[in-house]
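One structure, pasted below without further comment.
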Amino acid sequence: MSTRYDLHAHTTASDGTFSPRELVELAKKNGLSGVAVCDHDTTDGIEEALEAGTQYGIEIVPGVEINTEYEGKEVHVLGYYFDRSSTVLQDLFLQLREERLTRMDRILQKLRTAGIQISEKDVLAEAKGASVGRPHIARVLVRMGYASDIRDAFDRWIGKGRPGYVERFKLHPGQAVRLIREAGGVPVIAHPGLVGKDAIVEELIPEGLLGLEALHPDHSPEERKRFSQMAENLGLIATGGSDFHGAGAEHRGDLGSVYVDEHVVAQLKKRSLMF
Ligand SMILES: [Zn+2]
Ligand SMILES: [Zn+2]
C-alpha cells in the first residue's frame, strides 16, 4: 500500500475549524499516513497533534505558514521541520500576531475620527477566534449599515487612501525563508499558482528556498505539472497538500484530497537540520 501524506492543513490554532486532535482523527479516518500542521504564524497546534498522532499512529509533520508580501502580492511561505523553540521564529510569530491587533486598533481609531463607532469586541466576534483581518472589519461595517457590501466597505472606508486605511506591516518572503532556514527548517513557497508570478521562485533560491508546493487544490492539472517540472529543473522539493481548513470552509480541499508519498517527506527531513 502506498503512503499518503497531506503536507498542508490548518487547525483551530489559526483559522481552521478542527482542533489538532480532530485533524489527526480525520487523517486516520481518511487513510493518511501523515499530516502536516501548517497554521498561520503559529506553532501552537503542533504539540496536541503530536500527542494525538502517537495515539492514532499518524505521523505529524510539524509546520507553519507565514504570510508575506512581494510586489503588492500576498505570498505564503511554508516551513517544515524547524526548531520550534527558535527565538528568531517565535519572535516573528509574536510580532505578526501583535501587528494584526494593533493595526485593527489603529483602523478603529481612524474610523472613530471619521464618525464611525465600531468596537474591538464586534470585530473579534466577527473573526470567531481566527487572526483578525480587514475583511472582519468590513463585515461589521456592512452589518451596521455603513456599507452595502464588503467591496463597498473597502472602497468607502478601509481601502487604500480611505479614512480608515492603515498601512500593513510588510514581511518580505525572502526574510521568512531566511528565518526558517536559520531555525533549521525547510522553506517551501505555498501554492505558487495563486501568487501568479513564477519568477519569485527563482528569486527566493539564493535566500535559501528549498521547495515549492506543486500540488494544491487551487492549482489546475496544467499548473500541477508545470510546477512539478519547475521544481525538478531547479532542484527543489515538490510538495503538496490540501490546505484543509475544516468542514464548511468555503474553499480548499478535503483532508487528504491532495497528497504526496513518503519520498517527499524523506526529502524534507534530509534538508532539515533537526535530524
Ligand atoms: Zn496559503
Ligand atoms: Zn494554508
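With +1 on each Lys and Arg Cβ and -1 on each Asp and Glu Cβ, and nothing else charged, work out how big the dipole of the chain is about its Cα centre, in Debye to the nearest 20.
That gives the chain a dipole magnitude of about 680 debye.
Across region 94-111, in residue order, what do the Karplus-derived ³J(HN,Hα) couplings come to in whole Hz, using 6.51 cos²θ - 1.76 cosθ + 1.60 with θ = phi - 60° and x for Gly and Pro?
Once θ is set to phi - 60°, the couplings for region 94-111 become 4, 4, 5, 5, 5, 4, 4, 5, 5, 5, 4, 4, 5, 5, 5, 4, 5, 5 Hz.
Then there is this: By a straight-distance test (C-alpha under 23 Å), which lysines pair with residue 121 as possible cross-link partners, with residues fewer than eight away in the same chain excluded?
110
Let me know the shape class of region 75-173, please: from the alpha-carbon gyration tensor, a ≥ b ≥ c as square roots of the eigenvalues, rounded when a/c is under 1.5, otherwise prolate if a/b is greater than b/c, or oblate.
Prolate, because a/c is 1.5 or more and a/b exceeds b/c.
Here is a further query. ³J(HN,Hα) across region 120-127 via Karplus (A = 6.51, B = -1.76, C = 1.60, θ = phi - 60°), whole Hz, x for Gly/Pro?
Whole-Hz 3J(HN,Hα) from phi for region 120-127: 4, 4, 4, 6, 5, 5, 5, 6.
Give me the Kirkwood hydrodynamic radius of the chain in Å, from all C-alpha pairs, to one decimal place?
19.4 Å
Place a point 7 Å from Cα of residue 56 in the direction of its Cβ. Which residues in region 260-275 have their backbone N less than 18 Å from it?
Residues 260 qualify, since their backbone N sits under 18 Å from the label point.
Are there GluC sites (Glu not before Pro) in region 21-82 that DSSP marks as loop and that have at most 14 other Cβ atoms within 10 Å, and which are they?
71
Among the listed pairs 28/225; 197/269; 160/269; 29/73; 197/270; 160/197, give every one whose C-alpha distance is greater than 32 Å.
160/269; 29/73
Which GluC sites (Glu not before Pro) does region 211-251 hold that lie in a coil by DSSP with at most 11 other beta carbons within 10 Å?
For GluC sites (Glu not before Pro) across region 211-251 that sit outside H, G, I, E and B with at most 11 neighbouring Cβ atoms in 10 Å, the list reads 250.
What is the sum of charges, Lys and Arg at +1 and Asp and Glu at -1, for the other residues whose Cβ falls under 10 Å from the Cβ of residue 122?
Combined, the nearby Lys, Arg, Asp and Glu give +1.
Run the Debye formula on the Cα coordinates of region 109-217, all scatterers equal and no solvent, and tell me log10 I(q)/I(0) at q = 0.18 1/Å.
Calculated log10 I(q)/I(0) at the listed q: -0.90.
The numbers here are math on the coordinates, done by the rules we state, and not lab data. The structure displayed is predicted, hence computed values, not measured ones. So basically every Cβ, Gly included, is an ideal-geometry build from the backbone, and we count neighbours across all protein chains shown.
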